[in-house]
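Undergrad: Before I ask anything, let me first share the structure, which is written out below as structure tokens.
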Amino acid sequence: MSEHRFELKAEWSGGLDGTGHIRTGNLVTAISVPSQLDGPGVGTNPEELLLGAAATCYLITLSMLLKRLDIESIELNSEIYVHSSPAMKVDKIIHRPRIGIPIHTSQEFTDKISKAAYRAEQACMISKALKGNVEVIVEPEIHQLME
């Protein structure tokens, strides 16, 4: 088994109401505390980055599981829930994949797609890293596309 290394460089100034920048791979962005948490809301924030990591990992894993099936489209909406009292804590992440399938798809095939949507969350390495700390919920919607 090989080990892969990823690096991030960051800079920050100004305390909780400050701002900073991060650089990693193809991502270069400003960061700050989000405005919802009384920060300046400049650039992105840890909550969005965690959601982005979880969502992209889930979506890539799902697309790998569905690779051999005749899937017309996959869209994903994800949400992260953070509670700030008594201390900041990420409570849960919900992934809502919307999977488009051909109009005359059998129920058996639709069931395989649904199982893959749930299995992708179990196989995703970010979901595995969050397990026991953050609830990750999958609410798939499988819809038939018009011809």
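Undergrad: Before I look further, what does segment 54-117 give for accessible area per residue, probe 1.4 Å, in whole square angstrom? Don't skip to the end; give the middle numbers.
TA: Working: 3830 Å² over 64 residues.
Here the per-residue accessible area is 60 Å².
Undergrad: What's the ranking of 33-41, 5-13, 20-28 by average number of surrounding C-beta atoms within 10 Å, highest first? Write down the numbers at each step before the final one.
TA: On the way: 33-41: 14.4, 5-13: 8.3, 20-28: 11.8.
Per-residue Cβ counts within 10 Å, averaged per peptide and sorted highest first, yield 33-41, 20-28, 5-13.
Undergrad: A further question follows. For Lys89, list the lysines whose Cα falls under 22 Å from its own Cα; do not include residues on the same chain fewer than 8 positions away.
TA: Excluding near neighbours in sequence, the set is Lys128, Lys131.
Undergrad: Here's another thing I want to ask about it. For the chain, what does the helix formula give at 222 nm: sum of -39500 (n - 2.57) over DSSP H segments with n ≥ 4, over the residue count, nearest 500 deg cm²/dmol?
TA: Details: 3 runs with 43 residues, N = 147.
Taken over the chain, the calculation gives -9500 deg cm²/dmol.
Undergrad: Using the Cα centre of segment 6-147 as the reference point, and only Cβ charges (+1 on K/R, -1 on D/E), how large is the resulting charge dipole? Debye, rounded to the nearest 20. Don't skip to the end; give the middle numbers.
TA: On the way: 13 positive and 18 negative charges, 102 e Å.
Dipole magnitude for segment 6-147 comes out near 500 debye.
Undergrad: Using the Karplus curve 6.51 cos²θ - 1.76 cosθ + 1.60 with θ = phi - 60°, what ³J(HN,Hα) values do you get for each residue of segment 23-38, in whole Hz, with x for Gly and Pro?
TA: Once θ is set to phi - 60°, the couplings for segment 23-38 become 9, 7, x, 8, 9, 10, 7, 6, 9, 6, 5, x, 4, 4, 10, 6 Hz.
Undergrad: Ignoring ligands, DNA and RNA, what percent of the accessible area of the chain is carbon or sulfur (1.4 Å)?
TA: On the way: 5260 of 9990 Å².
In the chain, the share of accessible area belonging to carbon and sulfur is 53 percent.
Undergrad: Between rounded, prolate and oblate, where does the chain land on the alpha carbon gyration tensor, with a ≥ b ≥ c its root eigenvalues, rounded for a/c under 1.5, else prolate if a/b exceeds b/c?
TA: Details: a/c = 2.28, a/b = 1.99, b/c = 1.14.
Because a/c hits 1.5 or more and a/b exceeds b/c, the chain counts as prolate.
Undergrad: Mind checking segment 39-72 for GluC sites (Glu not before Pro) that DSSP puts in a loop (not H, G, I, E or B) and that have at most 13 other Cβ atoms within 10 Å?
TA: Values: sites: Glu47, Glu48, Glu72; in loops: Glu72.
Answer in residue order: Glu72.
Undergrad: Work out from phi, with θ = phi - 60° and the Karplus expression 6.51 cos²θ - 1.76 cosθ + 1.60, the ³J(HN,Hα) of each residue of segment 119-136, listed in order in whole Hz, and give x for Gly and Pro.
TA: 5, 4, 5, 6, 8, 5, 5, 6, 4, 5, 5, 7, 3, x, 10, 10, 6, 10
Undergrad: Quote the Stokes-Einstein diffusion coefficient, in whole µm² s⁻¹, for segment 68-147, based on the Kirkwood radius over alpha carbon pairs, a temperature of 4 °C and a viscosity of 1.567 mPa s.
TA: Details: Rh = 14.1 Å.
Reported coefficient: 92 µm²/s.
The values are calculated or read from the model by the stated rules, or taken from the named source; none is laboratory data. Every value quoted in this text rests on a predicted model; they were computed, and no experiment measured them. When we count neighbours, we look across all protein chains shown, and the Cβ atoms used for this are built from the backbone with ideal geometry, even at glycine. Just so you know, the surface numbers come from the protein's heavy atoms only, side chains and all, with ligands and any DNA or RNA stripped out. Shrake-Rupley method; radii C 1.70, N 1.55, O 1.52, S 1.80 Å.
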